[in-house]
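Take a look at the structure below.
The values are calculated or read from the model by the stated rules, or taken from the named source; none is laboratory data. All values derive from a computational prediction rather than experimental measurement. We place every Cβ from the backbone using ideal geometry, glycine too, and count neighbours over all the protein chains shown.
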């Protein structure tokens, strides 16, 4: 199964789904996955306003996305651990992921060299990748949030209530080809 999944470190539901995908891959699931950034901050920019990644003070989550992309593209073997660590910095520890020191600590704890990652980010490549991949997600698949699973030309926004459950991902992937199902949303969450 080949698919993409969107992420923004700000979103707990993106964390639930991305962790489940990472765990599934680690367990040997036959998934070929592309992790694609989607900026929730950019999704709320008014028409005519400058993009979040071009602002002197980028919106929340934008810098963390760039750090994640730097590792994804330059150190792919470390991406799973760094991806988890950046989500954990925000959601386990409640840290400010706009703070470079927080990002450096997270990537170091995951085994990456924070100075090397910071240098890649400072070079501007991850910012450009974020802009291209975010815009493509919006234009090609009409992505509006995270996590969105993309299979071919089909894109489906999914919210898992539990963390780190690869079987939930497999169930969602099975439903994506069922294009007659447009929306399936509980009126209340049983808890």
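Taking region 58-78 as the range and being over 13 Å from residue 37 (Cα atoms) and in contact with a helix residue (DSSP H, G or I) (Cβ under 9 Å, 6 or more places away or on another chain) as the test, the residues that pass are 58, 59, 60, 74, 75, 78.
From 90, 55, 36, 29, which residue is modelled with pLDDT under 95 and touching a helix residue (DSSP H, G or I) at 6+ places or on another chain (Cβ under 9 Å)?
55
Would you check if there is a residue in region 141-152 being assigned to a strand (DSSP E or B), farther than 16 Å from residue 7 by Cβ and either touching a helix residue (DSSP H, G or I) at 6+ places or on another chain (Cβ under 6 Å) or at pLDDT 95 or above (or both)?
The initial filter retains those residues of region 141-152 that are assigned to a strand (DSSP E or B), namely 148-151.
Cutting the leftovers down to farther than 16 Å from residue 7 by Cβ gives us 151.
If we keep only those that are either touching a helix residue (DSSP H, G or I) at 6+ places or on another chain (Cβ under 6 Å) or at pLDDT 95 or above (or both) as well, we get 151.
So far as region 141-152 goes, yes, one or more of its residues are assigned to a strand (DSSP E or B), farther than 16 Å from residue 7 by Cβ and either touching a helix residue (DSSP H, G or I) at 6+ places or on another chain (Cβ under 6 Å) or at pLDDT 95 or above (or both).
Counting only residues that are touching a residue at least 40 places away in the same chain (Cβ under 8 Å) and surrounded by fewer than 11 Cβ atoms within 10 Å (Cβ to Cβ), region 128-166 holds 1 of them. Scanning region 78-103 for residues that are part of a helix (DSSP H, G or I) and farther than 13 Å from residue 22 by Cβ yields 89, 90, 91, 100, 101, 102, 103. Summed over region 1-48, residues that are touching a strand residue (DSSP E or B) at 6+ places or on another chain (Cβ under 7 Å) and assigned to a helix (DSSP H, G or I) total 5.
Of the residues 106, 155, which is at pLDDT 95 or above, assigned to a helix (DSSP H, G or I) and farther than 20 Å from residue 30 by Cβ?
Details: 155 fails: assigned to a helix (DSSP H, G or I).
The conditions single out 106.
Report yes if residue 113 is out of contact with any strand residue (DSSP E or B) (no Cβ under 6 Å at 6 or more places or on another chain) and surrounded by 12 or more Cβ atoms within 10 Å (Cβ to Cβ), otherwise no. It is true that residue 113 is out of contact with any strand residue (DSSP E or B) (no Cβ under 6 Å at 6 or more places or on another chain) and surrounded by 12 or more Cβ atoms within 10 Å (Cβ to Cβ).
Any residue at all in region 55-64 that is without any contact (Cβ under 8 Å) to a residue 12 or more places away in the chain and surrounded by 13 or more Cβ atoms within 10 Å (Cβ to Cβ)? Yes, region 55-64 contains at least one residue that is without any contact (Cβ under 8 Å) to a residue 12 or more places away in the chain and surrounded by 13 or more Cβ atoms within 10 Å (Cβ to Cβ).
Mind listing whichever residues of region 90-115 are touching a residue at least 24 places away in the same chain (Cβ under 8 Å) and within 18 Å of the chain's Cα centre (by Cα)?
Step one: of region 90-115, the residues touching a residue at least 24 places away in the same chain (Cβ under 8 Å) are 90-91, 97-98, 100, 103, 106-107, 109-112.
Residues satisfying the conditions are 90, 91, 97, 98, 103, 106, 107, 110.
Residues checked against (1) within 24 Å of residue 4 (Cα to Cα); (2) in a helix (DSSP H, G or I); (3) under 15 Å from the mean Cα position of the chain (by Cα):
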position	(1), (2), (3)
132	yes, yes, yes
178	yes, no, no
184	yes, no, no
189	no, no, no
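Just to be sure before I move on: is residue 86 buried (at least 17 other Cβ atoms within 10 Å of the Cβ) and more than 20 Å from residue 34 (Cα to Cα) in the structure I sent? Here the answer is no, as residue 86 does not meet what is asked.
Please go through region 42-54 and give me each residue that is surrounded by 14 or more Cβ atoms within 10 Å (Cβ to Cβ) and more than 21 Å from residue 11 (Cβ to Cβ), ordered by number.
Within region 42-54, no residue meets the criteria.
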